[in-house]
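**Student:** Below is a structure I'd like to ask you about.
The values are calculated or read from the model by the stated rules, or taken from the named source; none is laboratory data. What you see is a predicted model; the values in this text were computed from it and never measured. Reconstructed Cβ throughout: ideal geometry from the backbone, glycine too, with neighbour counts over all protein chains shown.
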Amino acid sequence: MKRIPFNRISLAGREQEYMADAIRNGHISGDGKYTRRVEELLQIACDSPRVLLTGSCTHALEMCALLLDIVPGDEVLVPSFTFPTSAGAFVLRGAKPVFVDIRADTLNIDESLIEERITSRSRAIVVPHYAGVGSEMDAIIDIAQRHRLYVIEDNAQGIFARYRGRPLGSIGDFGAVSFHETKNFTCGEGGALVINRREFIDRAEVIREKGTDRNRFLRGEVDKYTWVDLGSSYVLSDLLAAFLLAQLEQREEIMGRRRSIWNRYFHELSGWSESVGVSLPCVPDHCEQSYHSFHSLMPSDVERESFIGDLNARGVQAQSHYEPLHLSKMGMSFGYRKGDLPVTESVSSRIVRLPFYSGLGEEEQSQVIENVMAAQLK
C-alpha cells in the first residue's frame, strides 16, 4: 500500500511563473511588487489597516514584543498548549510567561481562567486559535479592556477563518500569521503581522526594517535613512512573496479542498469514534474554521502510542502535537511543575493528528480512514 505522509506541500499552479517574473524584474529582496500585492490582499481579507509580511510567524510575534516595549519583569498570559514561540517571543525580551490551561472542547485557552492569572505586571494575552478554530474572543477582549492589556492573536493556523463573522487576526490589537510549509498556504517559511491599531503602523515598519526609517526614504518622505529604533531583519524576500501570492490567489479552491477532506474525516469516523471512546474535533457554531488539521483524542496516553505505532506500521503517518510548554525545560525554569495545568497535560498526552494536506486524494484518504478504523488502540 502507498505510504501516506502526514504533510505534503501542494502547488496552486503559478508559483514558478511568479517567481521567474520576480527574477526577471531584478527585485528578489523584500518589499517588491509581490510583497505589496500579498499585503494588499491580506489587508482586505483580514479587515485590517496594515499587514506586513515577515520571515515567519515567530518574527511577527517578536515584533509585537518590541512594539509593546516588553521589558524584564513584565508578564504575558499564554496557553501552555501551543508552539514555543507563542511564549518565547516575549521571553526573549525578558517577560515571564504566565501559562493558562485550555478548554477540553476546542483546545483553546480557557477564557474563564484568564482573569485569576492577571497581576499588576501583566501586559498582554497571547491567544492562539488551535487548528484554526477561534478562541472565545468576546470574553477575552472584555477581560483585556477591563485590565488594560493588549491582545495578540497567534493566528498561525487560522488564516481566513472567522469568529462570529469577524476574521481571525483582526479582533485583537495584533495578529500573527504563518506561511510555513505545514500551513494551508505556504512559501516554505514566511509569516505576516496584522496591525489593527493605526498608531502602531509607523513604528512597526521601522522595527521590521532593522530599526531604520528606510520605508520613509523609499516613499520620498526623507532624503536619507538611518537607525532610529530597535528592530531586526524581519522582511520577507519578494521571491517568497511571489510564491505565496500564487497560493493565496487560489484560496477559494484550496479552502474548498481542505473543507471536503475535513468533512469526510469527521463524517466517516464519527461512528467509529463513538464506539471506541475517541473524541473528534469540536467546532462551535459561531466559528468558521480554517480546516487546518484534523485531530482526535484517544482515551489514554497508552492507547495513543499504540494507535500511532500501528498506523505508522500500516503506512499512515499520524502524529501527536504540542508538548506542554510549562513542563518543558524552559517552562520549568519559571517554576512550573506537573499537575499545574491538568487539561493541557491530558490533551497533549492523548492527541493524534491524521494526514491532512490540500493534495490528499480520495484514494489516499480512504486508505487513512480504513486503517484508522482497523488500528489497535492498546
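**Student:** I'd like to check something: does the stretch 53-60 contain any residue that is free of Cβ contacts under 8 Å to residues at least 60 places away in the same chain and surrounded by 23 or more Cβ atoms within 10 Å (Cβ to Cβ)? Can you show your working first?
**Tutor:** First pass over the stretch 53-60, keeping only residues free of Cβ contacts under 8 Å to residues at least 60 places away in the same chain: none.
No; the residues of the stretch 53-60 include none that is free of Cβ contacts under 8 Å to residues at least 60 places away in the same chain and surrounded by 23 or more Cβ atoms within 10 Å (Cβ to Cβ).
Let's see how each residue does on (1) in the same structural domain as D105 (by TED's automatic domain parsing); (2) more than 20 Å from the chain's Cα centre (by Cα); (3) over 30 Å from L113 (Cα atoms); (4) not basic (K, R):
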{"residue": "H286", "(1), (2), (3), (4)": "no, no, no, yes"}
{"residue": "L311", "(1), (2), (3), (4)": "no, yes, yes, yes"}
{"residue": "M330", "(1), (2), (3), (4)": "no, yes, no, yes"}
{"residue": "V352", "(1), (2), (3), (4)": "no, no, no, yes"}
{"residue": "G359", "(1), (2), (3), (4)": "no, yes, yes, yes"}
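**Student:** Can I ask one more? Those residues that are more than 21 Å from the chain's Cα centre (by Cα) and among the charged types (D, E, K, R), I need them from the stretch 228-276; list them, please.
**Tutor:** D229, D238, R264, E268, E274, listed by residue number.
**Student:** What residue, of G175, G158, G169, G134, is in contact with a strand residue (DSSP E or B) (Cβ under 6 Å, 6 or more places away or on another chain), closer than 22 Å to R353 by Cβ, touching a residue at least 60 places away in the same chain (Cβ under 8 Å) and not assigned by TED's automatic domain parsing to the domain that holds H292? If you could, list the steps in order and put the result at the bottom.
**Tutor:** Values: G175 fails: closer than 22 Å to R353 by Cβ; G158 fails: in contact with a strand residue (DSSP E or B) (Cβ under 6 Å, 6 or more places away or on another chain); G169 fails: closer than 22 Å to R353 by Cβ.
On inspection, the qualifying residue turns out to be G134.
**Student:** For A242, indicate whether it is more than 29 Å from I70 (Cβ to Cβ), assigned by TED's automatic domain parsing to the domain that holds V151, outside any loop (DSSP other than H, G, I, E, B) and in contact (Cβ under 8 Å) with a residue 60 or more places away in the chain. Even if it seems obvious, please write down each step before you answer.
**Tutor:** Details: more than 29 Å from I70 (Cβ to Cβ): yes; assigned by TED's automatic domain parsing to the domain that holds V151: yes; outside any loop (DSSP other than H, G, I, E, B): yes; in contact (Cβ under 8 Å) with a residue 60 or more places away in the chain: yes.
For A242, the condition - more than 29 Å from I70 (Cβ to Cβ), assigned by TED's automatic domain parsing to the domain that holds V151, outside any loop (DSSP other than H, G, I, E, B) and in contact (Cβ under 8 Å) with a residue 60 or more places away in the chain - is met.
**Student:** Just give me the residues in the stretch 319-333 being without any contact (Cβ under 8 Å) to a residue 24 or more places away in the chain and in a loop (DSSP other than H, G, I, E, B), in sequence order.
**Tutor:** Of everything in the stretch 319-333, just one residue is without any contact (Cβ under 8 Å) to a residue 24 or more places away in the chain and in a loop (DSSP other than H, G, I, E, B), namely S333.
**Student:** Here's something else I'd like to know. Out of G188, G220, G271, G211, report the one residue that is touching a residue at least 24 places away in the same chain (Cβ under 8 Å) and not polar (S, T, N, Q). Step through it out loud before you land on a result.
**Tutor:** Details: G220 fails: touching a residue at least 24 places away in the same chain (Cβ under 8 Å); G271 fails: touching a residue at least 24 places away in the same chain (Cβ under 8 Å); G211 fails: touching a residue at least 24 places away in the same chain (Cβ under 8 Å).
Just a single option satisfies the conditions, and that option is G188.
**Student:** From E268, E209, grab the single residue that is surrounded by 15 or more Cβ atoms within 10 Å (Cβ to Cβ), charged (D, E, K, R) and outside the structural domain of Q43 (by TED's automatic domain parsing).
**Tutor:** Every option except E268 fails the conditions.
**Student:** Quick one: is A124 under 22 Å from R203 (Cβ atoms), in contact with a His (Cβ under 9 Å, 6 or more places away or on another chain) and either without any contact (Cβ under 8 Å) to a residue 40 or more places away in the chain or buried (at least 24 other Cβ atoms within 10 Å of the Cβ) (or both)? Steps first, please.
**Tutor:** Numbers: under 22 Å from R203 (Cβ atoms): yes; in contact with a His (Cβ under 9 Å, 6 or more places away or on another chain): no; either without any contact (Cβ under 8 Å) to a residue 40 or more places away in the chain or buried (at least 24 other Cβ atoms within 10 Å of the Cβ) (or both): yes.
Criteria not met by A124.
**Student:** All but one of (1) surrounded by fewer than 16 Cβ atoms within 10 Å (Cβ to Cβ); (2) assigned to a loop (DSSP other than H, G, I, E, B); (3) of a type in the set (G, A, S) hold for G309; which doesn't?
**Tutor:** That leaves (2) as the condition not met.
**Student:** Pick from Y322, Y265: which is closer than 25 Å to F99 by Cβ, of a type in the set (F, W, Y) and touching a helix residue (DSSP H, G or I) at 6+ places or on another chain (Cβ under 8 Å)?
**Tutor:** Among Y322, Y265, only Y322 is closer than 25 Å to F99 by Cβ, of a type in the set (F, W, Y) and touching a helix residue (DSSP H, G or I) at 6+ places or on another chain (Cβ under 8 Å).
**Student:** Given the structure, is L168 closer than 24 Å to P79 by Cβ, of a type outside the set (D, E) and modelled with pLDDT of 95 or more? Break it down into steps so the answer makes sense when it comes.
**Tutor:** Working: closer than 24 Å to P79 by Cβ: yes; of a type outside the set (D, E): yes; modelled with pLDDT of 95 or more: yes.
Yes; evaluated as a whole, the condition is true for this residue.
**Student:** Among the residues of the stretch 275-282, are any surrounded by fewer than 22 Cβ atoms within 10 Å (Cβ to Cβ), assigned to a helix (DSSP H, G or I) and either touching a His at 6+ places or on another chain (Cβ under 6 Å) or among the β-branched types (V, I, T) (or both)?
**Tutor:** Start the filter on the stretch 275-282 by keeping residues that are surrounded by fewer than 22 Cβ atoms within 10 Å (Cβ to Cβ), which leaves 275-282.
Now restrict to residues that are assigned to a helix (DSSP H, G or I): 275-276.
Filter again for either touching a His at 6+ places or on another chain (Cβ under 6 Å) or among the β-branched types (V, I, T) (or both), leaving 276.
Yes, the conditions are met somewhere in the stretch 275-282.
**Student:** Can you work out which of the residues in the stretch 77-113 that are among the hydrophobic types (A, V, I, L, M, F, W, C) and part of a helix (DSSP H, G or I) is surrounded by the fewest Cβ atoms within 10 Å (Cβ to Cβ)?
**Tutor:** Residues of the stretch 77-113 that are among the hydrophobic types (A, V, I, L, M, F, W, C), as a first pass: 77-78, 81, 83, 87, 89-92, 95, 98-100, 102, 104, 107, 109, 113.
Filter once more, keeping what is part of a helix (DSSP H, G or I): 87, 89-91, 113.
On the way: A87: 29, A89: 27, F90: 26, V91: 20, L113: 16.
Applying the filter and picking the extreme gives L113.
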